[in-house]
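Shown next, in structure tokens, is the structure this report addresses.
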Amino acid sequence: MVSAVTKPDLHPFDPLTAGEIEAAISIAKKAHGEVLFNVVSLHEPRKAEMMKWLQDSANLPKPARVADVVVIAPGGKVYDGLIDLQEGNITKWELLEGLQPIITMEELQAVEHVCRKDPKVIEQCEISGIPKEDMHKVYCDPWTIGYDERHGNTIRLQQALMYYRPNPDDCQYAYPLDFCPIYDGEKKAIINIDIPKVRRPINKAPPVNYHPAAIENAGGYRTNLKPINITQPEGVSFEMKGRQLEWQNWKFHIGFNYREGIVFNDITYNDKGTVRPIFYRLSLSEMVVPYGNPEHPHQRKHAFDLGEYGAGYMTNSLSLGCDCKGSIHYLDAEFPSREGGIRTIKNAVCIHEEDAGILFKHTDFRDESTIVTRARKLIVQQVFTAANYEYAIQWIFHQDGTIQPEIKLTGILNTYAMNPDEDLGGWGTQVYPGVNGQNHQHLFCLRIDANVDGPNNTVFMSDAMPADAPVGSKENFYGNAFYAKRTKLATTGQAATQYNGDTARTWDICNTNRLHPYSGKPASYKLVSREVPRLMPKEGSLVWKRAGFARNAVHVTKYSDDQLWAAGRHVPQTSGEPSQGIPEWMGDGSESIDNTNVVLWHTFGVVHFPAPEDFPVMPVEPITLILKPRNFFDNNPVMDVPPSYASTPSQVAANNAGVYDAADKISKLAFGKECCSNGTNGTNGVNGH
Ligand code: ABN
Ligand code: CU
């Protein structure tokens with residue numbers, strides 16, 4: 001039977017439609033009864049087949065639409081399945097032992113209600129100073145348990161991080177409770193409570209809030225802000241065909257899944273008529289947020305927000321003028337509900353352009369002849385809420401071939417209780433009276449499936465080094481010589497490398513088969529990333545074992561279908577013995593990654609030592625890196641972007657006759673009355689460009 005559910009105009013990289021998800025669910029239910037759906041998502045086409053199709057899509061048949069399905073059957077049995085949506089049949093249905101699939105919002109939301117009614121939790125609340133009539137004021141942020149050796153991974157568990165709200169609108173993170181109930185998802189009951197040796201009763205400090213009423217109370221909002229409006233009177237400069245976007249020589253497909261959120265595929269740049277492949281697939285693959293307090297059970301606090309909860313599942317529905325300003329194009333996301341319905345997230349992805357300052361400029365100091373060209377950038381964004389924190393993930397495309405992933409971290413600190421005058425031992429900071437902001441990290445893993453001028457790439461590490469030859473020697477008499485030391489990362493073992501700020505270390509994804517006509521160096525994309533702290537939990541620790549991807553700044557593996565997620569496919573309750581994901585795929589380190597289809601995994605992020613300014617809600621902290629073309633283009637690839645203003649020395653000598661002046665006529669002086677229409681700013685007579 002051939003199903004009519006997959007529409008012929010779907011691109012093979014398109015996420016499953018609501019109709020396809022429903023079809024997969026009904027096929028699974030028919031065969032296996034009332035199971036709960038943790039995942040129904042696109043099983044991405046196999047790369048070899050897909051690469052062929054991309055090269056000849058007019059003639060070759062489209063790769064099949066397949067649903068990747070993870071269900072939990074009665075008794076807590078977990079199954080991984082594949083459902084061919086064209087044929088309407090199940091091609092794989094495998095029972096998994098000792099593995100727990102990603103947790104859903106529905107599973108998380110069940111915990112608070114159970115906690116409020118549990119007699120032992122009520123007793124602990126009373127010990128903390130909350131009378132039992134006030135249990136409706138008790139809240140919990142349920143996290144997967146991470147891993148707890150007492151409980152293992154056969155029972156599906158959550159740990160409830162407990163809070164109190166004096167009033168429903170109060171920020172609960174000012175009132176953390178000191179105990180931690182453990183919830184069994186199968187029994188729907190609290191099976192244990194972790195109680196600290198030192199008790200910390202409920203905080204007595206007044207509420208601290210960020211909602212409008214609180215700000216009015218505290219003196220009101222600033223009144224000195226004039227509107228900033230972004231106008232694009234002629235519309236946007238990008239085009240969308242389905243989920244394929246074209247902008248400023250870029251072309252790529254924008255996918256979205258429950259796990260990574262935004263996924264780019266088949267990223268190319270049209271270089272003067274030649275469409276040049278750059279990356280086959282680009283995404284945030286995983287992240288981990290380890291907390292650094294040694295007291296039990298805080299070692300369990302190290303969220304894998306993608307692998308355990310899903311950047312797609314947690315994504316916000318974005319709104320015009322708030323999350324995104326200007327002329328915005330949105331894409332929705334469709335997910336299964338646990339029971340087998342459809343959950344639609346409207347406006348899950350926003351796409352827009354922004355002015356990006358100066359693209360390039362030069363003034364000849366002799367006569368002030370000038371060229372100045374403005375840049376714009378294209379931003380593909382999602383924002384997800386991981387309980388207390390928000391992560392705005394921006395994928396920024398620049399006109400010059402640079403890609404800049406940027407993560408804007410905001411939201412609220414995960415806090416813990418403290419006694420008045422408690423010594424936090426250096427593991428945290430009092431961010432508000434009675435509130436301990438524990439030290440932690442936010443570490444992200446970027447996955448780059450490289451395709452720089454073709455699938456055979458090699459990664460080199462580049463370190464800025466002074467010449468080896470000593471001062472006074474023939475080779476380096478004055479001692480000033482320095483160079484880029486390039487180290488080929490020829491095997492998976494050699495490629496496991498750390499960041500080194502001292503040598504301005506970067507990594508080049510090279511096509512050694514394509515040498516630049518001028519530099520003689522291989523066409524490449526350079527990874528320039530400067531926020532790369534080491535993983536703080538020590539070798540042998542639980543986090544070190546579970547988050548193998550975070551042990552190094554860079555790993556490189558040889559491409560293999562389904563090696564998508566840096567900490568492995570099913571992350572909740574993994575013990576890290578053995579480590580899943582990258583350490584497993586690196587093998588013994590001897591596999592060659594020279595001139596082949598390579599995947600570069602880059603772990604970057606921040607160490608967060610909380611401070612009072614982060615509370616009760618944190619102003620955005622941006623974390624960014626760039627992937628930029630080197631020895632890829634003949635020369636500056638954006639010289640054909642129309643300038644705002646261009647004058648040559650001979651034009652200046654001829655009183656600016658014939659200068660190119662496309663400066664917008666909307667910009668005006670902030671305070672003056674007249675504006676610069678003829679190349680002068682009207683104040684001191686010099687060229688105003
Ligand atoms: N940051 C951990 C987390 C994410 C989502 C939901 C609960 C907990
Ligand atoms: Cu933080």
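Output wanted: per-residue J couplings in Hz (rounded whole) for the range 542-557, from phi through Karplus 6.51 cos²θ - 1.76 cosθ + 1.60, θ = phi - 60°, x for Gly and Pro.
4, 5, 4, 6, 7, 9, x, 4, 8, 6, 9, 6, 9, 10, 10, 10
If I take all pairs of Cα atoms in the range 3-96, what percentage of them are more than 16 Å from each other?
Result for the distance tail: 53 percent.
Expressed in nm to one decimal, what extension gain is obtained for the pair T624 and I342 from 0.36 nm per residue of sequence separation less their Cα-Cα distance?
The span from T624 to I342 would gain 98.1 nm if fully extended.
Test of understanding: what is the full-extension gain from Y221 to A58, defined as 0.36 nm times their sequence separation minus their Cα-Cα distance?
Stretched fully, the Y221-A58 segment lengthens by 52.9 nm.
Quick query: amide H of S285 versus all other amide H atoms, modeled in the peptide plane; which residues come in under 5 Å with a sequence gap of 5 or more or a different chain?
C445, L446, R447
Roughly speaking, to the nearest percent, how much of the chain's 1.4 Å accessible area is carbon and sulfur?
Percent of accessible area from carbon and sulfur atoms in the chain: 53.
So, with +1 on the Cβ of K and R and -1 on the Cβ of D and E, and no other charges, what is the size of the charge dipole of the range 3-96 about its Cα centre, to the nearest 20 debye?
The calculation lands at about 100 debye.
Short version: ³J(HN,Hα) in whole Hz for each residue of the range 582-597, in order, from phi by Karplus 6.51 cos²θ - 1.76 cosθ + 1.60 (θ = phi - 60°), x for Gly and Pro, what are they?
So the Karplus estimates, Gly and Pro as x, are 4, x, 5, 6, 6, x, 7, x, 8, 5, 6, 10, 8, 6, 8, 7 Hz.
Show me the ranking of peptides 107-113, 447-453 by mean Cβ neighbours inside 10 Å, starting with the highest.
Those peptides, ordered most packed to least, come out 447-453, 107-113.
Divide by every residue of the chain the summed helix terms, -39500 (n - 2.57) for each DSSP H run of at least 4, and state the resulting mean residue ellipticity at 222 nm, rounded to the nearest 500 deg cm²/dmol.
Roughly -3000 deg cm²/dmol at 222 nm, from the helical runs in the chain.
Take the Cβ-Cβ distance between S575 and K92 as r, set R0 to 30 Å, and report the resulting FRET efficiency rounded to the nearest 0.05.
0.75
Would you kindly state how much longer the chain becomes between D169 and K204 on full extension, computed as 0.36 nm times their sequence separation minus their alpha carbon distance, in nm to one decimal?
Value of the extension gain: 10.9 nm.
Heavy-atom accessible area per residue, the range 401-460, 1.4 Å probe: how many Å²?
On a per-residue basis, 25 Å².
Assuming R0 = 60 Å, can you tell me the calculated FRET efficiency for the pair T231 and I195, based on Cβ-Cβ distance, to the nearest 0.05?
Computed FRET efficiency for T231 and I195 comes out at 0.55.
List every residue whose amide H lies under 5 Å from the amide H of V66, counting only residues 5 or more places away in sequence or on a different chain, with H placed 1.01 Å from N in the peptide plane.
H43, L85
Place a label point 7 angstrom from the Cα of N513 along the Cα-to-Cβ direction, then list the residues of the range 597-633 whose backbone nitrogen is under 13 Å away.
Of the residues in the range 597-633, 597-598 have backbone N under 13 Å from the label point off N513.
Take every Cα pair under 8 Å in the chain that's 6+ residues apart, average their separations, divide by the length, and report that relative contact order as a whole percent.
After rounding, I find 12 percent.
Once amide H atoms are placed 1.01 Å from N in the peptide plane, what residues at a sequence separation of 5 or more from A356, or on another chain, have their amide H within under 5 Å of its amide H?
It is A375, R376, K377, by chain and number.
Please work out the average accessible area per residue across the range 40-141, using the 1.4 Å probe convention, and give it in Å².
With the other protein chains kept in place, the range 40-141 gives 47 Å² per residue.
Calculated FRET efficiency, A611 and K77, Cβ-Cβ r, R0 41 Å, to nearest 0.05?
0.30
May I have the convex hull volume per residue, in Å³, for the Cα set of the chain?
210
Using a 7 Å offset from Cα along Cα-Cβ at H136, what residues in the range 143-175 end up with backbone N under 11 Å from the label point?
168
The values are calculated or read from the model by the stated rules, or taken from the named source; none is laboratory data. Being a predicted model, the structure only gives us computed values, none of them experimental. Heads up, the Cβs are rebuilt from the backbone with ideal geometry, glycines too, and the neighbour counts pull from every protein chain shown. Remember, those area values only see protein heavy atoms, side chains included, never the ligands or the DNA or RNA. Shrake-Rupley method; radii C 1.70, N 1.55, O 1.52, S 1.80 Å.
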